[in-house]
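Chemist: Below is the structure I would like to discuss, written out as structure tokens.
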Amino acid sequence: MPTPTTHLLYLHGFRSSPQSTKARMVSAHVQAHHPSLHWWCPQLPPSPAEAARLIQQGTADWPRESMAVMGSSLGGFYARWWALHTGCRAVLLNPAVHPARDLARHVGQQTSWHDPSERFDFSPAYVQELETLEANIERLAATRPATTQTQLAVIAKGDEVLDWREMLGFCAGGQVRLLEGGDHAISDFAEHLDAVMRFIDPV
């Protein structure tokens, strides 16, 4: 019988925040239907290395056998990385596959989606940090492949930012909800939320 999930980490995407639509929807669902579940959705720093440290430090005392992670886009990439390190259950929502390649053209000053007055610099060094994490994922995935019990991906063929075929390869081994249309934001996420949460906490 699966172990009940006690802790859930949500990781937002590039230029996003805990105020993203999906993050707020999951938070509200947890409060309404899983009130005993410990929920954490941190604001991730622009530096991937710093984001990784924040994730590690913030979940250092979480029980690995009963924690889960969910992430969207770049947050899905981080979620895959952290799930491989911890062995926890993971949900990947249109996850970034090669963020070092794709975000290289975004080097420079950026603004937050949810507060355009918030600006940050995306440094060339951050691309190198992503390359390091990508190599780390490849190495770990070779010895710890995903399974249908440990990983669920929601992938939209209509994603206008990421290639759904690359995402399928990235999520190999786990369960996949492949959407025929959709978009990068998974605007119909409400239709998938119950299934996602049943996977997170199947007990």
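Chemist: Using only helices, what value at 222 nm comes out for the chain when you add -39,500 (n - 2.57) per DSSP H run of length 4 or more and divide by the total residues, to the nearest 500 deg cm²/dmol? Don't jump to the answer; show the numbers that get you there.
Modeler: On the way: 7 runs with 77 residues, N = 203.
-11500 deg cm²/dmol, from helical runs alone.
Chemist: Per-residue counts of other Cβ atoms within 10 Å, averaged by peptide: what ranking do you get for 163-176, 75-88, highest first? Mind dumping the intermediate values first?
Modeler: Working: 163-176: 16.4, 75-88: 23.8.
Top of the packing list down: 75-88, 163-176.
Chemist: Same structure, new question: Just one of [x] 0.93; [y] 0.99; [z] 1.06 is Rg/Rh (Cα atoms, Kirkwood Rh) calculated from these coordinates, so which is it?
Modeler: Correct label, based on the coordinates given: [x].
Chemist: A follow-up question, please. Taking 7 Å along the Cα-to-C-beta vector as the label spot, tell me the residue 117-residue 168 distance in nanometres, rounded to one decimal.
Modeler: 4.5
Chemist: Compute the helix-to-body angle for 48-58: its Cα long axis versus the longest principal axis of the chain, expressed 0 to 90° and rounded to tens.
Modeler: Compared with the principal axis, the helix lies near 30 degrees.
Chemist: Stretch residue 184-residue 161 to full length: gain in nm at 0.36 nm per residue minus the Cα-Cα span? Don't skip to the answer; put the middle values down first.
Modeler: Working: separation 23, 0.36 × 23 = 8.28 nm, distance 0.62 nm.
Between residue 184 and residue 161, full extension yields an extra 7.7 nm.
Chemist: Still on this structure, I have one more. What part of the accessible area of region 1-145, given as a whole %, is carbon or sulfur when the probe is 1.4 angstrom?
Modeler: Details: 3450 of 6730 Å².
Using a 1.4 Å probe with all protein chains present, region 1-145 comes out at 51 percent carbon and sulfur.
Chemist: Now for a separate question. Could you work out the relative contact order of region 72-121, using alpha carbon pairs under 8 angstrom and six or more residues apart, expressed as a whole percent? Before the final figure, lay out each step's value.
Modeler: Working: 45 pairs, mean separation 15.1, N = 50.
For region 72-121, the relative contact order is 30 percent.
Chemist: Then there's this: Scan region 88-163 for trypsin sites (Lys or Arg not before Pro) in coil per DSSP, keeping those whose Cβ has at most 15 other Cβ atoms within 10 Å, and list them by number. Could the numbers behind the result be given before it?
Modeler: Numbers: sites: 89, 101, 105, 119, 139, 157; in loops: 157.
Sites meeting the loop and neighbour criteria: 157.
Chemist: Count the DSSP beta bridges whose two residues both fall in the chain, then state the antiparallel fraction as a percent rounded to the nearest 5.
Modeler: 15
Chemist: Using a cut-off of 13 Å between beta-carbons, work out the net charge of the residues near residue 172 (Lys and Arg +1, Asp and Glu -1, residue 172 not included).
Modeler: Numbers: positive: 80, 144, 165; negative: 138, 166.
Local net charge: +1.
The values are calculated or read from the model by the stated rules, or taken from the named source; none is laboratory data. Since the model is a prediction, treat every value here as computed from it, not as a measurement. Cβ atoms come from the backbone with ideal geometry, glycine included; neighbour counts cover every protein chain shown. Note: accessible area is taken over every heavy atom of the protein model, side chains too, but ligands, DNA and RNA are not part of it. Shrake-Rupley method; radii C 1.70, N 1.55, O 1.52, S 1.80 Å.
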